Amino acid sequence: MSESSKESQPVLPEYVRQSAVRAAIKLGFTPDQFHVSYEAGSCCDGLVGEIHRVIIAEGGRREDLFCKIPPLNAARREQFNSMILFEREILLYSTVLPAMFEFQREKGICEAEGFFNVPKCYLTLFDAENDESVILMENLRNKGYRMGNKLELVDYDHARLVMTHLGRLHGLSLALRDQKPELFAKFKLPDVIVPAIKASEQMVAMFGDALENAISLLGPEEETERSKMEALKVDHIAALETCLDGSRAEPYAVMNHGDCWTNNIMYGYKDGKPTELALIDWQLARCASPALDVLYFLFCCADATFREKHFDEMLEVYHTSLTELLERLGSDPNELFPFSALQEQLKTFANFAIIMAAFDVPILCTDPAEMPNLNGDLAEGFAASPEAQMRYAHRMGGIIRDAVKYGYL
């Protein structure tokens, strides 16, 4: 095995390089014969992790992998509790998702019909004692997949595809709990984000500031919206904790992706239209209300104009997809999750999407070229330019107004 000596290569810890070697051997490369090189990826939006490329070559064979590691900056790694989140994502890739995929295969569900929409994972490492963690997975860009532009609002075709696959993910989860309750019980994962927030005074302050900034967007005539947002802000961390308590969503709690927004979805296209997708970044996966994923995406990634035209239809697309997979898997959707239950869950747990939107929408509105230094103070860094402020006011203001209009706030 040899490594490229190009100066442009990122300086990565030895454990990362050793993991790349083990992945190469696992993929069938000949020991001492393959060549490994590394390229720094764009980690400007990666608050809790960095992405680099690992290229393994031997003769005419080449494998191009994504390498995800915790931030090399120790302060940022601690600030965002990166190791806890990496532990969760590795559990998903190594245990939970493979079991969910196997259950579908046992039922004769092919990839075109079920939920298999994640990148292949070749190797994981988690060593909490030494602050070391690695996830090596396929580079979906080699298959033509690409991530959406976070500055652009989601359109109908992309949103419909996301709702279809979220429905399948949640339907699969409901079928598992119905037919294999002992296995599903092992996957009742608690939330990891609220403990991480509560452990950091800076994070608590950032969420409070984010809600205050959102409230400042409201005009003097919007008294109802303002009073409801002020009430939400009073104890927003407790409100978030309540929404993320899976026991409160029973008997409808499902495996959530947990962070379903533009930055964590890659699309495959045919004739210019999105036909495939993959959900990446499972660090916030949890067992909780299905409403969390649905509202998080439709609030954070769409605007009020889109929701006015398509919100009800997107809910129908989601629930129809969930229902169809449940039926194929042999469970009764009317018993496990009727549409009336979805509507109730949306109203009960919408605070999650509102609070998280206040924190995340400024990031979505910030041009990558204007991203703040992630190793510094982030409090004033996002949505700082006049253009970003206009995008932020449009998106976040619409979220608050729609939350009141739909009876969610």
Subject >> Count of residues meeting criterion [more than 28 Å from Asp312 (Cβ to Cβ), within 19 Å of the chain's Cα centre (by Cα) and exposed (fewer than 14 other Cβ atoms within 10 Å of the Cβ)] in the stretch 126-168 >> reply: 2
Subject >> Only listed residue being open to solvent by 60 Å² or more (accessible area, probe 1.4 Å) and either among the acidic types (Asp, Glu) or within 15 Å of Leu346 (Cα to Cα) (or both), chosen from Glu225, Glu221 >> reply: Glu221
Original post:
From the list Asn149, Asn142, which residue is in a loop (DSSP other than H, G, I, E, B), over 30 Å from Ser331 (Cα atoms) and of a type in the set (S, T, N, Q)?
Top reply: Asn149
**OP:** Only residues in the stretch 170-189 that are free of Cβ contacts under 8 Å to residues at least 60 places away in the same chain and farther than 9 Å from Val254 by Cα count as the first member; pair them with residues that are part of a helix (DSSP H, G or I) and of a type in the set (Lys, Arg), Cβ under 7 angstrom, at least 6 apart or cross-chain, and list the lot.
**Re:** Phe184/Arg177
Original post:
Given (1) surrounded by fewer than 23 Cβ atoms within 10 Å (Cβ to Cβ); (2) in contact with an Asp or Glu (Cβ under 6 Å, 6 or more places away or on another chain); (3) not hydroxyl-bearing (Ser, Thr, Tyr), where does Ile69 come up short, assuming only one miss?
Top reply: (1)
Subject >> Sole exception among (1) open to solvent by 10 Å² or more (accessible area, probe 1.4 Å); (2) modelled with pLDDT of 95 or more; (3) not in a loop (DSSP other than H, G, I, E, B) for Tyr408, by number >> reply: (3)
Subject >> Selected residue (only one of Ala278, Ala239 is touching a helix residue (DSSP H, G or I) at 6+ places or on another chain (Cβ under 7 Å), under 28 Å from Tyr406 (Cα atoms), in contact (Cβ under 8 Å) with a residue 12 or more places away in the chain and open to solvent by less than 60 Å² (accessible area, probe 1.4 Å)) >> reply: Ala239
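Conditions (1) aromatic (Phe, Trp, Tyr); (2) touching a strand residue (DSSP E or B) at 6+ places or on another chain (Cβ under 6 Å), marked per residue:
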site: Asn264; (1), (2): no, no
site: Tyr267; (1), (2): yes, yes
site: Pro274; (1), (2): no, yes
site: Leu298; (1), (2): no, no
site: Leu329; (1), (2): no, no
site: Pro333; (1), (2): no, no
site: Ala358; (1), (2): no, no
site: Pro362; (1), (2): no, no
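Residues are listed down the side, and each one gets a yes or a no for (1) in contact (Cβ under 8 Å) with a residue 12 or more places away in the chain; (2) in contact with a helix residue (DSSP H, G or I) (Cβ under 8 Å, 6 or more places away or on another chain):
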{"residue": "Glu50", "(1), (2)": "yes, no"}
{"residue": "Val54", "(1), (2)": "yes, yes"}
{"residue": "Cys67", "(1), (2)": "yes, yes"}
{"residue": "Pro71", "(1), (2)": "yes, yes"}
{"residue": "Phe80", "(1), (2)": "yes, yes"}
{"residue": "Met83", "(1), (2)": "yes, yes"}
{"residue": "Arg88", "(1), (2)": "yes, no"}
{"residue": "Thr95", "(1), (2)": "no, no"}
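The values are calculated or read from the model by the stated rules, or taken from the named source; none is laboratory data. For clarity, every value in this text was computed on a predicted model and none was experimentally measured. Here the Cβ is made from the backbone with ideal geometry for all residues, glycine too, and neighbour counts use every protein chain on show. SASA here: full protein model, heavy atoms, side chains in, ligands and nucleic acids out. Shrake-Rupley method; radii C 1.70, N 1.55, O 1.52, S 1.80 Å.
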